[in-house]
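> Sharing a structure here in structure tokens format.
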Amino acid sequence: MTDIQRSDVIISGGGLVGQTLALALAHHGLSSITVDPADPVATIAPGFDGRASAIASATWQMFEVLGLADRLAGHGCPIRAIKVSDGGQSGELDFETGEGDPALGTMIENRRLRLVLRDALADAPLAKLIMPAQVADRQIGPHGVTLTLADGTQLAAPLLIVAEGRRSPTRDAAGFSIANWSYHHHAMIGAVAHSKSHDRVAHEIFFPSGPFALLPLVDDAEGRHRSAFVWTVSERDGPGFAKLGDRGFTAELEKRAGDLLGTMELVAPRMTYPLGFHHSASIVAERLVLVGDAAHGIHPIAGQGLNLGLRDVAALTEVLVEGARLGLDLGDAALLARYQRWRGLDSLMVSLATDGLTRLFGIPGRTASAVRRAGLGAVQQLPMLKRFFMDEARGEAGDLPRLLAGAEV
Ligand SMILES: Cc1cc2nc3c(=O)[nH]c(=O)nc-3n(C[C@H](O)[C@H](O)[C@H](O)COP(=O)(O)OP(=O)(O)OC[C@H]3O[C@@H](n4cnc5c(N)ncnc54)[C@H](O)[C@@H]3O)c2cc1C
């Protein structure tokens, strides 16, 4: 008979959210087994995920507690200011940090995050990763969860955490109702080296054809200045831009950036992602919870998607660690209800705000543009409103889990 491998939780999905959760739980003494069908070597190859993420400063505080910040030393570019403009015209809004203030966020390449998570988990015996793994059978009952892998291995735990990303099959099989729509836009992403320094400023320029973001990265080993770009175009135009050679594509990038960064050269493979919104009405079911993109997916306009998922991680860790201290069953419905109350509303508010922003800045025409510029100008004049937006960007708004305030649970 096969031995059953038991752990405090099973995590299905070892992306950035699933792996950070495994690390956070291990840090607080809870064991996990993470299963994912992806080949772990492929997921850290340079061409696998060319994105870079703006890690909000609250999320960074959790990285400090978990030892990830030390491992990322020298690889993150702190964002000193964010400049927002409508089509590059006047009526600009800028969020600037004062001397000694924390950064608005830190830009990190996703591949770097994957590398440090791999190393951190290798040093965390309580977090076991089985990759690649195929789940042949899944049983969820009143007394626990059992997964059988294709090679016959059996895993058992009181709780299954689903971190399978936006197309999560386990979520769909469990019958969660999901609101979703497409933005009919594609995001083209990549990285460029450029002649002028970015001065640690992020630029968000809203063109009627879609937002265009330039996000500062650390200089490369040869001292070249680098930035990531997220360039959103309609799904009709996406294939045309994708077909452009590197020279033609770079010329289009330079045109959109104006003279912000000088001449540019592509330094990472460019990739295209279709953009859509999805949101699960509930994020818990019997002995099952959703985290990260399995629960919610938003437009990258405000760079909040991964941060939202990492807020799920911080809140769920707090709920489970406190539950374990009280000797509770980790799949207990009351514990899961606490997670639902904590994260359900916050992620819905951020998702809806991002959706509203996407629509507002997507309306073509001069009148809409004038209204937007008036709005940006008004926020610029109101310190309290500016502070509100800066707290949101830093991820410091709302009922913060302890990890996001830089404390152990
Ligand atoms: C263009 C773009 C730019 C972005 N920029 C930012 C940014 O600046 N800041 C930010 O905060 N967010 C950003 N985001 C959002 C962010 O990338 C996502 O929110 C984040 O990657 C979600 O992580 P996840 O681990 O939940 O899901 P994923 O990264 O999708 O990982 C899911 C994992 O589950 C695994 N899996 C799939 N099916 C199964 C299964 N059946 N069983 C087990 N495992 C399975 C997959 O192999 C994968 O490893 C951006 C998104 C896009 C598209």
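> Obtain the nm distance between the two label points defined at ALA45 and ARG166 by a simple spin-label model: each point lies 7 Å from its Cα along the Cα-to-C-beta direction.
2.2 nm
> Sticking with this one: Pop out the ³J(HN,Hα) list for segment 281-292 in order, Karplus 6.51 cos²θ - 1.76 cosθ + 1.60 with θ = phi - 60°, rounded to Hz; leave Gly and Pro as x.
Couplings: 4, 10, 10, 9, 8, 4, 6, 9, 10, 9, 9, x Hz.
> Nearest 0.05, what FRET efficiency do ALA122 and ALA150 give at R0 = 25 Å with Cβ-Cβ as r?
0.55
> Within the chain, how many Lys pairs sit with Cα atoms under 19 Å apart, leaving out pairs fewer than 8 places apart on the same chain?
Lysine pair count for the chain: 5.
> Amide H of ILE11 versus every other amide H placed in the peptide plane: which residues, excluding those fewer than 5 positions away on the same chain, fall under 5 Å?
The answer is ILE33, THR34, VAL35, ILE161.
> Please work out how much length the chain gains when fully extended from ARG236 to ASN180, using 0.36 nm per residue of separation minus the C-alpha to C-alpha distance, in nm with one decimal.
Value of the extension gain: 18.1 nm.
> Right, something else. What percent does the relative contact order of the chain come to when contacts are Cα pairs within less than 8 Å and at least six residues apart?
23 percent
> Return the long-range amide H neighbours of GLY406 (sequence gap of 5 or more, or a different chain), with a cut-off of under 5 Å between placed amide H atoms.
MET62
> Then there's this: What FRET efficiency do you get for LYS243 and ASP101 if R0 is 41 Å and r is their Cβ-Cβ distance, rounded to the nearest 0.05?
Efficiency, from the Cβ-Cβ distance: 0.40.
> Compute the whole-percent fraction of alpha carbon pairs in segment 59-100 spaced more than 11 Å apart.
The proportion of pairs with Cα distances above 11 Å equals 73 percent.
> If N is the number of residues in the chain, what value comes out of its Cα radius of gyration divided by 2.2 N^0.38 Å?
0.99
> Here's a follow-up. Residue-wise, which Karplus ³J(HN,Hα) couplings in Hz belong to segment 394-406, taking 6.51 cos²θ - 1.76 cosθ + 1.60, θ = phi - 60°, and x for glycine or proline?
With the stated coefficients, segment 394-406 comes to 6, x, 9, 8, x, 7, 7, x, 4, 4, 6, 9, x Hz.
> Quick one: which residues, 5 or more positions from THR106 or on another chain, have an amide H under 5 Å from its amide H? H modelled 1.01 Å from N in the peptide plane, none for Pro or chain starts.
Those qualifying (amide H under 5 Å, at least 5 residues apart or on another chain) are ILE55, ALA56, ILE79.
> With just the Cα atoms of segment 133-198, tell me how far they stretch along each of the three principal axes, in Å, largest first.
If we take the Cα atoms of segment 133-198, the spans are 60, 29, 20 Å.
Computed from the coordinates by the stated procedures, all read-outs in this text should not be read as laboratory data. Keep in mind the model is a prediction, meaning the values are calculated, not measured. Note that each Cβ is placed from the backbone with ideal geometry, even for glycine, and that neighbours are counted across all protein chains shown.
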